[in-house]
Amino acid sequence: QVQLEESGGGLVQAGGSLRLSCAASGSVFRLSTMGWYRQAPGKQRELVASITVTGSTNYADSVKGRFTISTDNPKNTVYLQMNSLKPEDTAVYYCNLKYYTVYDLWGQGTQVTVSS
């Protein structure tokens, strides 16, 4: 059974930084595509960033140059470093793990609030 546990959200002023972490249990982490998504009130969930098993990354245009996704395989953890945060980055951020068609899992979500 694979489970995801997120941490690192909080309240920050515009221009500040936060780092989100998502730790995965089980043995499939290093074989999975990991992603961070976010959902703001009244909006659909959207992809923020993803990283494949080969280390290839993909970012939403709105966060390019400000956010960085990375993994620590020995720790089964994926990170999202968020710099130069803007009020429009305020949302609940979710970690996602995709392992072929076997798993498509979500974390519980962590709130990020950026004040102006």
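The values are calculated or read from the model by the stated rules, or taken from the named source; none is laboratory data. Note that this is a predicted model, so its numbers are computed, not measured. We place every Cβ from the backbone using ideal geometry, glycine too, and count neighbours over all the protein chains shown. Calculation scope for accessible area: heavy atoms of the full protein, side chains included, ligands and nucleic acids excluded. Shrake-Rupley method; radii C 1.70, N 1.55, O 1.52, S 1.80 Å.
Yes/no per residue for (1) over 20 Å from Q3 (Cα atoms); (2) among the small types (G, A, S); (3) assigned to a strand (DSSP E or B); (4) touching a residue at least 60 places away in the same chain (Cβ under 8 Å):
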| position | (1), (2), (3), (4) |
| --- | --- |
| G42 | yes, yes, no, no |
| S50 | no, yes, yes, no |
| V53 | no, no, no, no |
| G65 | yes, yes, no, no |
| I69 | no, no, yes, no |
| V78 | no, no, yes, no |
| T113 | yes, no, yes, yes |
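Quick one: in segment 31-83, of everything that is aromatic (F, W, Y) and farther than 12 Å from C95 by Cα, which residue is most open to solvent (accessible area, probe 1.4 Å)?
Filtering segment 31-83 for residues aromatic (F, W, Y) gives 36-37, 59, 67, 79.
Going one step further and asking which of them are farther than 12 Å from C95 by Cα, we end up with 59, 67.
Values: Y59: 48, F67: 6 Å².
The extreme case among them is Y59.
Here I69 meets the list (1) at pLDDT below 95; (2) within 14 Å of the chain's Cα centre (by Cα); (3) not hydroxyl-bearing (S, T, Y) almost entirely, failing just condition (1). Residues in segment 16-30 that are touching a strand residue (DSSP E or B) at 6+ places or on another chain (Cβ under 9 Å) and either open to solvent by 50 Å² or more (accessible area, probe 1.4 Å) or on the phi > 0 side of the Ramachandran plot (or both): S17, R19, G26, R30.
Scan segment 85-107 for residues that are part of a loop (DSSP other than H, G, I, E, B), open to solvent by 60 Å² or more (accessible area, probe 1.4 Å) and among the hydroxyl-bearing types (S, T, Y) and the total you get is 2.
For every residue, the table says whether it meets (1) within 23 Å of Q1 (Cβ to Cβ); (2) polar (S, T, N, Q); (3) in contact with a helix residue (DSSP H, G or I) (Cβ under 9 Å, 6 or more places away or on another chain).
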{"position": "A24", "(1), (2), (3)": "yes, no, no"}
{"position": "M34", "(1), (2), (3)": "yes, no, no"}
{"position": "N58", "(1), (2), (3)": "no, yes, no"}
{"position": "P87", "(1), (2), (3)": "no, no, no"}
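For segment 14-21, check the following and say yes or no: at least one residue is out of contact with any Pro (no Cβ under 6 Å at 6 or more places or on another chain), without any contact (Cβ under 8 Å) to a residue 40 or more places away in the chain and under 21 Å from Q108 (Cβ atoms). The answer is no, given that none of the residues of segment 14-21 is out of contact with any Pro (no Cβ under 6 Å at 6 or more places or on another chain), without any contact (Cβ under 8 Å) to a residue 40 or more places away in the chain and under 21 Å from Q108 (Cβ atoms).
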